[in-house]
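I have placed the structure first, in the form of structure tokens, so that the comments after it can refer back to it.
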Amino acid sequence: MTASLTIAIDGPAASGKTVVGRMLARQLGCRFLDTGLMYRAITWAALEVCINPRDAKKLGRLAQEQPVEVRFQEDGQVAVLVGGRDATLHLRDPRVEQAVSQVSQAAGVRDALVASQRRLAQDGPIVMAGRDIGTVVLADALVKVFLTASVRERARRRHAELEAQGDQTTYEEVLADLQRRDKVDSERKLSPLRPAADAQVVVTDGMDVEQVARFLMALVARRRL
Ligand code: DC
């Protein structure tokens, strides 16, 4: 059994899971975990030792031998370590970005990460975001939300974020990358991206972050009555 206040937020890349999840966790006074960071960390560790992202066997062994550890910080951010080595600064490296969808298909990687995500949920209230939280990791979560938006809207938001950071990536490049990731995440064999049968699907086109967070808070309040 997981702790009583568990909130699962799933959805495709750039659907706003992280920003909304963090906001919700702050309002509820609980931890927030973006599980994508754990898949990114193991991808970084695999690339460091030159494991081919398609070699599911070696990836599974790595995930077993070098556990991914999440440390929650005071400011709501997390540090992620693999086998004791800090991966936090490498999670958005372009080579990690490129390989992570492939690495996250390895059964051994998924088994190891799902087990540690469940252990983290047992430690107390948590908002967890990912692709398979409502369907697999926390199938008994109190609230399950599937956040989505059209791929063009998600590309527009992600492009604006990158532009604000001075990144030169074009809108077309962002759009193509999201289309590629949507395809891999939803067509893979293990835990493909899809809403849980009992998830509330929220289409966020035309909504800002505060509106989405308010909507989710209302869902949580209703479930806690
Ligand atoms: O959310 P993100 O872009 O940081 O996720 C990185 C990759 O990890 C993405 O390709 C899907 C995968 N992932 C997953 O398979 N299951 C999760 N719970 C979270 C992420």
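Every residue, every condition in (1) in contact with a Leu (Cβ under 9 Å, 6 or more places away or on another chain); (2) over 20 Å from V49 (Cβ atoms); (3) open to solvent by 60 Å² or more (accessible area, probe 1.4 Å); (4) away from the ligand (no atom under 12 Å from the Cβ), yes or no:
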| position | (1), (2), (3), (4) |
| --- | --- |
| Q73 | no, yes, yes, yes |
| V80 | yes, no, no, no |
| G83 | yes, no, no, yes |
| T88 | yes, no, no, yes |
| D93 | yes, no, no, yes |
| V114 | no, yes, no, no |
| R119 | no, yes, yes, yes |
Scanning segment 189-204 residue by residue, those of a type in the set (K, R) and more than 16 Å from the chain's Cα centre (by Cα) turn out to be K189
Subset of segment 141-162, residues basic (K, R) and over 14 Å from D208 (Cα atoms), comes to K144, R152
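Taking the residues in segment 97-108 that are within 9 Å of the ligand (Cβ to nearest atom) and either part of a helix (DSSP H, G or I) or at positive phi (or both) as candidates, determine which candidate is surrounded by the fewest Cβ atoms within 10 Å (Cβ to Cβ).
Our first condition is that a residue be within 9 Å of the ligand (Cβ to nearest atom); within segment 97-108, this holds for 97, 100-105.
From the residues that got through so far, the ones that are either part of a helix (DSSP H, G or I) or at positive phi (or both) too are 97, 100-103.
Values: E97: 14, V100: 24, S101: 19, Q102: 18, V103: 27.
That would be E97.
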Picking from D205, D185, D177, the residue that is among the acidic types (D, E), open to solvent by 20 Å² or more (accessible area, probe 1.4 Å), within 14 Å of the ligand (Cβ to nearest atom) and in contact with a helix residue (DSSP H, G or I) (Cβ under 9 Å, 6 or more places away or on another chain) would be D177
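Kindly establish whether R40 is surrounded by fewer than 22 Cβ atoms within 10 Å (Cβ to Cβ) and either within 16 Å of the ligand (Cβ to nearest atom) or not in a loop (DSSP other than H, G, I, E, B) (or both). Explain how you work it out, then say what you get.
Values: surrounded by fewer than 22 Cβ atoms within 10 Å (Cβ to Cβ): no; either within 16 Å of the ligand (Cβ to nearest atom) or not in a loop (DSSP other than H, G, I, E, B) (or both): yes.
Against the criterion (surrounded by fewer than 22 Cβ atoms within 10 Å (Cβ to Cβ) and either within 16 Å of the ligand (Cβ to nearest atom) or not in a loop (DSSP other than H, G, I, E, B) (or both)), R40 does not qualify.
The values are calculated or read from the model by the stated rules, or taken from the named source; none is laboratory data. From a predicted model like this one, the values you see are computed outputs, not experimental measurements. A quick note on method: Cβ atoms are made from the backbone with ideal geometry, for glycine too, and the neighbour counts reach across all protein chains shown. We work out accessible area using only protein heavy atoms, side chains counted, and drop any ligands, DNA or RNA first. Shrake-Rupley method; radii C 1.70, N 1.55, O 1.52, S 1.80 Å.
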